[in-house]
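To keep things clear, I will list the structure first and then write my remarks on it.
The values are calculated or read from the model by the stated rules, or taken from the named source; none is laboratory data. Not measured: the values here are computed from a predicted model. A quick note on method: Cβ atoms are made from the backbone with ideal geometry, for glycine too, and the neighbour counts reach across all protein chains shown. Just so you know, the surface numbers come from the protein's heavy atoms only, side chains and all, with ligands and any DNA or RNA stripped out. Shrake-Rupley method; radii C 1.70, N 1.55, O 1.52, S 1.80 Å.
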Amino acid sequence: MDRNHPGIPFLAMLLSAALFLSSYLEGRHVALVTGNAPEALSTLRIAVVAFAMLLLIYGAIGFVSILLEGTELRPRVRAPRLGVGAVIGGLLLSGVLVVLAGLFVGIFVRATPRGPSDIALEGVLVGGMFATAALLVVLVRKVTVRDEVVAENEQSEVPW
């Protein structure tokens with residue numbers, strides 16, 4: 001069977017972090033040399049950040065695949081096991097999601113009379129909510145869905 005090795009997703013995430021860092025440091029270097037903030041992102045920096053985001057998503061998909069399927073696929077049926085740890089983890093993730101949502105709503109409530117709020121803080125909170133919701137979905141899928149791995153011979157009737 002094929003192995004689901006964590007090396008490639010790890011390298012993708014490492015390269016993604018290096019590309020993000022190089023793009024950030026290049027902007028900081030321009031700010032230090034000129035004495036003011038850089039005017040706009042160049043096309044090359046936008047491409048580097050987009051490629052880094054692609055590698056980050058690829059690495060995350062690889063690690064989720066390893067978490068859900070294991071490192072080696074073996075033909076079998078696995079029954080879900082709902083344990084105390086899964087319930088506690090689900091409750092903790094749900095609590096984190098509620099706290100982040102409360103902070104997000106609180107920003108809007110406080111910002112309405114004073115004018116616009118901090119966009120970066122809103123983005124971080126929304127990103128945290130989405131990441132927490134994704135972890136919650138992965139946890140629920142891991143402990144409630146029945147897994148079945150079916151292996152076919154290489155001489156199957158599929159033409160490709």
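Of all residues in the stretch 53-79, which are assigned to a loop (DSSP other than H, G, I, E, B) and either open to solvent by less than 100 Å² (accessible area, probe 1.4 Å) or at pLDDT 85 or above (or both)?
Answer for the stretch 53-79, where residues must be assigned to a loop (DSSP other than H, G, I, E, B) and either open to solvent by less than 100 Å² (accessible area, probe 1.4 Å) or at pLDDT 85 or above (or both): G70, T71, L73, P75, A79.
Of the residues L82, L135, which is outside any helix (DSSP H, G or I), touching a residue at least 40 places away in the same chain (Cβ under 8 Å), closer than 29 Å to N4 by Cβ and open to solvent by 80 Å² or more (accessible area, probe 1.4 Å)?
Matching residue, one of L82, L135: L82.
How many residues does the stretch 48-79 contain that are among the hydrophobic types (A, V, I, L, M, F, W, C) and in contact (Cβ under 8 Å) with a residue 60 or more places away in the chain?
So the answer is 7.
Considering each residue of the stretch 110-132, count those that are of a type in the set (G, A, S) and surrounded by 12 or more Cβ atoms within 10 Å (Cβ to Cβ), and give that number.
Total satisfying the criteria: 4.
Out of curiosity, is L93 in contact (Cβ under 8 Å) with a residue 12 or more places away in the chain and either among the small types (G, A, S) or assigned to a helix (DSSP H, G or I) (or both)?
yes
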